[in-house]
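Take a look at the structure set out below.
Where a number appears in this text, it was derived from the coordinates with a stated rule and is not lab data. Note that the structure is predicted; figures quoted are calculated from it, not measured. Please note: Cβ atoms are built from the backbone with ideal geometry, for glycine as well, and neighbour counts cover all protein chains shown.
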Amino acid sequence: MERVATCGRRFVLATRQTMTDRPPGFFEGTEMPTAGWWEALWPDPAGVLAAVGIKHGMDVIDLCSGDGWFTLQIAKIARGVTAIDIDPNLLNVARHRLAENGVTNCDFVASDAHALADLVLAPVDFVFMANAYHGVPDRLRLDRAVRETLKTNGRFAIVNWHQRPSSSISRFESYHAG
């Protein structure tokens, strides 16, 4: 693996694999939805990010970032963001979304989310994951990888959509490492 410095941070570039319909490490049930789905489900991504505690000046990882719906808004707040997704085609869509908006403080890494601890060489303030945690087959393994990447007092926010009555718990769940 090759180490590179971008946006003031150092990362290991994952070796590219030939993509198949379901690459090794793909989380079942987390396929990218059709166009318009994110917008309907999360019409205010900046509000979601504020609710989970992402603040100006943080270094953030958007884990399982998909097409960059949240990545763009994270990059507008954070000092730097790294979008990590297993699908390089979705990362290209995210890269284009950010470029169209003049955002340049983002790195894009194609990799399995479980490899997170090996990809990020400097601890980050925040790991954000939207609509993918429900498909993680080995949550403890992923949680450990996330914990290894967080600074002391770093945070891991899991934002998942669930069909629940409006009186049930909030869809914002946050894990505080420390």
With label points built 7 Å along Cα→Cβ from the Cα atoms of residue 39 and residue 96, find their separation and express it in nm. 1.5 nm
Roughly what would the spin-label model give for residue 140 and residue 153, points 7 Å off Cα along C-beta, in nm? 3.0 nm
